[in-house]
1. Any chance you could count how many residues in the range B:41-74 are over 17 Å from B:ILE9 (Cβ atoms) and not in a loop (DSSP other than H, G, I, E, B)?
2. Filter the range B:75-110 down to residues that are part of a loop (DSSP other than H, G, I, E, B) and either of a type in the set (Val, Ile, Thr) or touching a His at 6+ places or on another chain (Cβ under 8 Å) (or both), then give me how many there are.
3. Only residues that are in contact with a helix residue (DSSP H, G or I) (Cβ under 9 Å, 6 or more places away or on another chain) and surrounded by fewer than 19 Cβ atoms within 10 Å (Cβ to Cβ): list them for the range B:83-108, please.
4. Among the candidates A:GLY272, A:GLY300, A:GLY252, single out the residue that is at pLDDT 90 or above and more than 9 Å from chain B (Cβ to nearest Cβ).
5. Quick check, is A:LEU245 among the hydrophobic types (A, V, I, L, M, F, W, C), within 24 Å of A:PRO287 (Cα to Cα) and at pLDDT 90 or above?
6. How many residues are β-branched (Val, Ile, Thr) and within 14 Å of chain A (Cβ to nearest Cβ) when one looks only at the range B:208-253?
7. Is it the case that A:GLU125 is of a type in the set (Asp, Glu) and open to solvent by 50 Å² or more (accessible area, probe 1.4 Å)?
8. One residue is enough: does the range A:213-224 have a residue meeting the conditions within 13 Å of another protein chain (Cβ to nearest Cβ), over 30 Å from A:LYS57 (Cα atoms), at pLDDT 85 or above and not in a helix (DSSP H, G or I)?
Amino acid sequence: MSAELSRIYDYKDDTAFYLSQLYTLYSPQIVWPDQLKDLGYKAFPDPKFEGDDQVYKPDMVAYSDYGDVQYIDVLHIGDKSQIDDIEARISSDMAQMEAYSSISDEMLNEYLSHHGEEVDPQINELVALVTEELYSDYRETIKRESSNSDIIVWEIKSGDFSEIVKREGKHANLDLDDAIDQGATPYPNSSEVLLVTRDTDISVIKYEFSRQLITYCARENKQEFEFSEVDEMLIQKEPPILWQLTEHERRGYWQQCLHTLLNRFSLIEQSGRNTYRWKPKAFINEPRHQKSIIDDIREGLGL
Amino acid sequence: MSEKFTLQIDRQILRSSLRSIKKVVSGDDELELDLNLLATSDESIKLYVRRFSDLQILYEFTDGPGVNVAVEDPWKLVFSSEVLVDVINKASSDRIQLSFTRDRLDIQFRQDWFSEPTSVNIPVFRESEFQPPISRDDFKKVGEVGTEPLVDNLKVMETISPEVEFELEDGNFRVKASDIVQGEAKAIKKFDSSPTVSTFSYLYAIKPIRYFLSSIDADTAIMYVAPDGSLKLSTDEPEKRSEMLLGKRIRTS
């Protein structure tokens, strides 16, 4: 799966990739040696905490029964040519993480309740997951910011198997501290548990959406569908696209994706209020025809 | 063979009626259309199509400047309309005469130079059974709608959704189209006189309404609504009464 995607766009250089790698250390979906979940940790990618007119969106939240909570951001710079002063960018990205200290216990549990979870927070920790490249090129800046803002730094090293290892700071939970100090190995095919994040290029999300929708409807011979059915149809895939967001948040993405299928690619037409049907040229069950439509979409989206 | 009934009519009147029937019922699809014809002893001929129980478009012709009706025997028949439509479209005379006998349709029209009216005689085939026209007495008048303005608005609304909501509340008539992906559109008209209906809100397909209203010459049509949400639009032109009945759409979302 990830090999296929890396043909489409530079998946390896995307926050979604690193986040998914990290998430495999916590995911209940897979069984893999030395997962942090074995130490009693749970984690949720793309959380959203709301309160006092503010919204906080770290890349991931993790916590254990011990009561220690980690707010984790993936620090990575995709296209370096776009950035004049990388050091300043790293500094500011890390300094901004301090805002997560304002996430109250109530806000945290409000979010966790959507997943049927709750925690009694004893200590909040900030963690920056930095790429191997950034750490080796900008070590001094990262050390400085880590010290200034009290941010624990984990590095993700690439290879046939990645490795996540702690570089700066210390965790309150010694089990966690030891484990990450020695290094943890993510499950390689991490796109199986997390494919896209809320910040992934919308074109990629549209592509995945279209692919899943076309495949599902062709298989089920579903010529027509209502907007309210869309979420359920996309949940069929493993992993469901944007499963980590609330249904309400996903709705906004589906609106955008359908808008593109309706207005830009003209593959669907409206058959009623909030109801859409495949146009005849799109709806053919032959796998080859489906594939060519999906390829056209990919090209049209510039992937 | 004795004629059951005869209709002499301006070709344009008949042509636009047939075209409107086809558009309203089959929209942009190419469907075979069976026309129902009912000639009654009060010297009127009803030409109509029913689609299940949720759509009927009907024209009633009675004597007038452009129309002459003679009914020998009250008669009903249903027939496949393709050939009739083709002949009407292609004949270039101003007036057409249709005579129906038991199982044949005789079309006559005058062509200059020829000594007698050209006669086209076609067998009456049908795909479906005759159905009497839907006739209900539970429609209540809502008000007069301006045909052209409403058609123009509906054209715009169709870019948002193929369905439109007609709503009446406190004398305000609202026309709304909405779609989660495409957006929303609405228009309001305050009716001057209070309608006999108080409050309602129903969803309808836009196309039949738009096509029907476009086929009317009159500036206004009268709108009625029934307790089950069915809509009636009708207008009286000199020799032709036009009427459309449309069932409401049922959606879960």
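The values are calculated or read from the model by the stated rules, or taken from the named source; none is laboratory data. All values derive from a computational prediction rather than experimental measurement. As a convention, Cβ positions derive from the backbone with ideal geometry for all residues, glycine included, and neighbour counts pool all protein chains shown. Surface areas here come from the heavy atoms of the whole protein model, side chains and all, with no ligands, DNA or RNA. Shrake-Rupley method; radii C 1.70, N 1.55, O 1.52, S 1.80 Å.
1. Residues flagged as over 17 Å from B:ILE9 (Cβ atoms) and not in a loop (DSSP other than H, G, I, E, B) within the range B:41-74 amount to 6.
2. Count: 1.
3. Scanning the range B:83-108 gives B:VAL85, B:ASN89, B:SER92, B:SER93, B:ASP94.
4. A:GLY252
5. On the way: among the hydrophobic types (A, V, I, L, M, F, W, C): yes; within 24 Å of A:PRO287 (Cα to Cα): no; at pLDDT 90 or above: yes.
Considered against the rule, which asks whether it is among the hydrophobic types (A, V, I, L, M, F, W, C), within 24 Å of A:PRO287 (Cα to Cα) and at pLDDT 90 or above, A:LEU245 comes out as no.
6. Looking only at that region, the number is 2.
7. Judged against the criteria, A:GLU125 is not a match.
8. yes
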